[in-house]
1. Among the residues of the range 54-61, is any at pLDDT 90 or above and not in a strand (DSSP E or B)?
2. Within the range 66-110, work out how many residues are over 22 Å from the mean Cα position of the chain (by Cα) and within 23 Å of residue 47 (Cβ to Cβ).
3. Report yes if residue 154 is at pLDDT 55 or above, closer than 20 Å to residue 96 by Cα, within 25 Å of the chain's Cα centre (by Cα) and not in a strand (DSSP E or B), otherwise no.
4. May I ask you to verify whether residue 58 is in contact with a helix residue (DSSP H, G or I) (Cβ under 8 Å, 6 or more places away or on another chain), assigned by TED's automatic domain parsing to the domain that holds residue 42 and either surrounded by 14 or more Cβ atoms within 10 Å (Cβ to Cβ) or over 27 Å from residue 21 (Cα atoms) (or both)?
5. Can you pull out every residue in the range 36-50 that is within 41 Å of the chain's Cα centre (by Cα) and surrounded by 13 or more Cβ atoms within 10 Å (Cβ to Cβ)?
6. Checking the condition part of a helix (DSSP H, G or I) and more than 30 Å from residue 34 (Cα to Cα), which residue from 94, 112 passes?
7. For residue 174, only one of the following conditions fails: (1) buried (at least 16 other Cβ atoms within 10 Å of the Cβ); (2) assigned by TED's automatic domain parsing to the domain that holds residue 53. What is its number?
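The values are calculated or read from the model by the stated rules, or taken from the named source; none is laboratory data. As the structure is a prediction and not an experimental result, all values here were calculated from the model. For neighbour counting, all protein chains shown are included, and Cβ atoms are generated from backbone atoms with ideal geometry for every residue, glycine included.
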């Protein structure tokens, strides 16, 4: 029986940066921290200059002849490079359209679940398509569906901007939201009454309270 192949479970060896004593070239073209060209000098001379300035000697172009090094604060340089990489990754995020579906009779719990989904999508930088699905004769209740979508836009106004107001699309009603680019400005504190915030949400069936007995 052939032996089983062995897998190396050790962590991969990280490639160490070519700085200071790890630089093995005898002659180097050196650029000072302020951009001044120090010319071609020996490795030991370059290290002495870096130590005098309490900085690092960093190899920036190994393929040049002779190789090019720069005197700098390597810790600060590494931090700035990682920061730039994160910003570039953030900018390269491809905006997607995520969909949140519901019925116009959605109950309170499911409605809050849809709100949570939309918030996550918006925070990720994606657009949200809010869809109210009609079945059969429910298409007669487009006014209730529009009211539901506008309520959703109101509840998400701190995270989202309405990019397309509610409109019919086939047998559905849709609305598009995008991530809010500017902070929401509130002129007055919210004082919505129960009547203003009434939502066509189905209540779960419950027992009707019995009338109090007369004395």
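1. yes
2. Going residue by residue through the range 66-110, those that are over 22 Å from the mean Cα position of the chain (by Cα) are 66-78, 101-110.
Retained after the next criterion (residues that are within 23 Å of residue 47 (Cβ to Cβ)): 66-78.
Qualifying residue count for the region: 13.
3. Working: at pLDDT 55 or above: yes; closer than 20 Å to residue 96 by Cα: no; within 25 Å of the chain's Cα centre (by Cα): yes; not in a strand (DSSP E or B): yes.
For residue 154, the condition - at pLDDT 55 or above, closer than 20 Å to residue 96 by Cα, within 25 Å of the chain's Cα centre (by Cα) and not in a strand (DSSP E or B) - is not met.
4. Working: in contact with a helix residue (DSSP H, G or I) (Cβ under 8 Å, 6 or more places away or on another chain): yes; assigned by TED's automatic domain parsing to the domain that holds residue 42: yes; either surrounded by 14 or more Cβ atoms within 10 Å (Cβ to Cβ) or over 27 Å from residue 21 (Cα atoms) (or both): yes.
Answer is yes for this residue.
5. Passing the criteria: only 50.
6. Working: 94 fails: part of a helix (DSSP H, G or I).
The match here is 112.
7. Condition (2) is where residue 174 drops out.
Here is a yes/no grid of residues against (1) more than 21 Å from residue 78 (Cα to Cα); (2) in a loop (DSSP other than H, G, I, E, B); (3) modelled with pLDDT under 95; (4) not assigned by TED's automatic domain parsing to the domain that holds residue 81:
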{"residue": "1", "(1), (2), (3), (4)": "yes, yes, yes, yes"}
{"residue": "6", "(1), (2), (3), (4)": "yes, yes, yes, yes"}
{"residue": "13", "(1), (2), (3), (4)": "no, yes, yes, yes"}
{"residue": "33", "(1), (2), (3), (4)": "no, yes, yes, no"}
{"residue": "39", "(1), (2), (3), (4)": "yes, no, yes, no"}
{"residue": "49", "(1), (2), (3), (4)": "no, no, yes, no"}
